[in-house]
1. Determine, for each peptide in 211-217, 4-10, the mean count of other beta carbons within 10 angstrom over its residues, then list the peptides with the highest first.
2. In percent, what relative contact order does the stretch 119-165 have, based on Cα pairs under 8 Å that are 6 or more apart in sequence?
3. When you have a sec, figure out the Kirkwood radius of the stretch 46-186 from all distinct Cα pair distances and drop it here in Å to one decimal?
4. Of the beta bridges DSSP finds with both residues in the chain, what % are antiparallel, to the nearest 5?
5. For the chain, find the longest principal axis of its Cα atoms and tell me its angle to the long axis of helix 70-83, 0 to 90°, nearest 10.
6. Between the stretch 1-24 and the stretch 128-157, what is the separation of their alpha carbon centroids in Å?
7. Tilt of helix 94-107 relative to the longest C-alpha principal axis of the chain, in degrees (0 to 90, nearest 10)?
8. Roughly how tilted is helix 305-320, in degrees to the nearest 10 and between 0 and 90, from the longest Cα axis of the chain?
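Nothing in this text is a laboratory measurement; each read-out follows from the coordinates by a stated rule. The model shown is predicted, which means the values in this text are computed figures rather than measured ones. Here Cβ is always computed from backbone atoms with ideal geometry, including for glycine, and neighbour counts include all displayed protein chains.
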Ligand code: FAD
């Protein structure tokens, strides 16, 4: 099969249950902005149609071999060999970033890590990054070969147009024989909440020390449920035991890039901002008018959250009714 000269090879994550990960749409959308997206799926051929529906111009399917990550990197190497892409793009998920980094090492390519945007100049594909806690935006480009770029989940809104029937190439991959951890069994964590997952959520409501207690934090849950949002927290709220560590947003927690981020009783320390500053719209409610969160907020309410948030919830519910 022949591939377009401006092909972007897009590694799509496959979940343990065998579906395309949610990041697929944003990755293909990002690739379509700078070239022709060619999806690589290391998994079931049936997923090719899903990739085409999300805008893959063509799809390469490789059967997974034994082991963790190594078969994906083997497939990436083989796919890059046939596609000769202008860039290789992967999700900045745990799986995606490991495969991308290993691929970059194996092929001696330059790696641009945790991009929040892609563009193209006369010399090739350029990655945009939000760095130093979101205080600076920088571009990165490689001086040799095709860049390998991981993209922060949720950071790119662009969506590619669905492709009615994308050609599918089944790639036979010769295993590299490199050492790989074996997967003995997979047990999916039971999701006990109907809320969206924090990573990759379109809306996030986060609470901080200002909630005062675990019971007080219920207000964050209530607002999140009215908005259909995921729930996050500052480290101070986690350290105080209001919520588990998996809720933490920030430098040492989860990085999010939602359409809407609502910060309740969060001061806006640089380590918190590092994980949420790329949100499209930031709303802050804080009783301290000088709290640093207001420096980056698009909308701010100075007031006691225990007064403001119940009113906000009532207004949103009234609008829904
Ligand atoms: P505070 O800074 O105590 O702010 C509480 C806010 O609530 C205040 O602004 C106050 O005015 C407001 N408030 C209080 N009561 C009310 C009320 N009734 N109504 C309205 N507003 C009210 N932090 C993170 O969040 N994520 C990280 O990943 C992270 N990583 C870190 C890594 C390192 C190496 C270090 C050193 C720190 C890290 N931190 C992280 C901690 C960070 O520095 C801050 O301490 C933390 O973010 C503060 O959390 P907070 O805003 O909830 O608490």
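1. Values: 211-217: 16.4, 4-10: 21.6.
Answer by packing, highest mean first, reads 4-10, 211-217.
2. Details: 31 pairs, mean separation 11.5, N = 47.
Computed over the stretch 119-165, the figure is 25 percent.
3. Details: mean 1/r = 0.0611 Å⁻¹.
Hydrodynamic radius (Kirkwood, Cα only) of the stretch 46-186 equals 16.4 Å.
4. Details: 11 of 57 bridges.
DSSP beta bridges in the chain are roughly 20 percent antiparallel.
5. The angle comes out at about 60 degrees.
6. If we compute the Cα centre of each part, the gap is 19 Å.
7. The angle comes out near 40 degrees.
8. Approximately 60 degrees, to the nearest ten.
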